[in-house]
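Everything below concerns the one structure shown next.
The values are calculated or read from the model by the stated rules, or taken from the named source; none is laboratory data. Here the structure is a predicted model, which is why all the values come from computation and not from measurement. Neighbour counts run over all protein chains shown; Cβ positions are idealised from the backbone, glycine included. For the accessible areas, the whole protein counts, side chains as well, though only heavy atoms, and no ligand, DNA or RNA atoms are used. Shrake-Rupley method; radii C 1.70, N 1.55, O 1.52, S 1.80 Å.
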Amino acid sequence: LDEKLVAKYAELTDEEIITAINDGDYRLLSAIIDRYLPLIICLTKQYLPEIQAEDAVQEVTFAFYSAIKNYDSQKSSFSTFATTCIKRAVISQIRKNNTKKMIPQELITSIEDVEITDSNSPESILIEKENYKALTETIKLELSDMEFNVLELFLEGKSYSDIAKSLSITEK
């Protein structure tokens, strides 16, 4: 930012900066991000481990940009709205990181150790069906009904939008 713009930015309220940005003056975008970046970093690092926080800061900053574009001055102050959006984005990052389930080490097998049989005997077919049924039951125990339904449709090759329509839920 040039010095005149920096001086002008320091005197402007958040709402004035947001109005200018939404009117097309994108030079002030970095000014408002700079103003809120310490809050973004603080909240992100407060709730996420250091290694995850670095990536999350970028994601939360995108959410902050969305807050800028969606701000309605009739409903609240920008500071309150932005803080709420930042906190929600951090919570989303926590959820995203927690959904990455850890696979127990004893279930991981090297591909070289896997025995592949070409047998289509009735006995092997029956064993495969039983194994499939046991696996399905185990998955059902780990997932909610909705998650299981989503998984089934996904494995059938359905797209996210088709799954959402089939289950009457949002794609998100």
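Where the second residue is open to solvent by 60 Å² or more (accessible area, probe 1.4 Å) and outside any helix (DSSP H, G or I) and the first is closer than 17 Å to Y65 by Cβ and modelled with pLDDT of 85 or more and lies in the stretch 1-20, which pairs have Cβ atoms under 8 Å and are six or more apart or on separate chains? Qualifying pairs under 8 Å: E15/S73; I18/S73; T19/S73. Contact annotation: residue pairs with Cβ atoms under 6 Å, 6 or more positions apart or on different chains, pairing a residue in the stretch 137-151 that is open to solvent by less than 100 Å² (accessible area, probe 1.4 Å) with a partner that is modelled with pLDDT under 85 and not hydrophobic (A, V, I, L, M, F, W, C), are F148/K140.
Counting just the residues of the stretch 80-102 that are farther than 15 Å from T19 by Cβ and small (G, A, S), which one comes out modelled with the lowest pLDDT? Spell out the reasoning first.
Within the stretch 80-102, the first condition is being farther than 15 Å from T19 by Cβ, and the residues that meet it are 80, 83-102.
Checking which are small (G, A, S) leaves us with 89, 92.
On the way: A89: 88, S92: 85.
Taking the candidates together, the pick is S92.
Within the stretch 52-102, the set of residues being of a type in the set (A, V, I, L, M) and open to solvent by less than 50 Å² (accessible area, probe 1.4 Å) comprises A53, A56, V57, V60, A63, A67, I68, A82, I86, A89, V90, I94.
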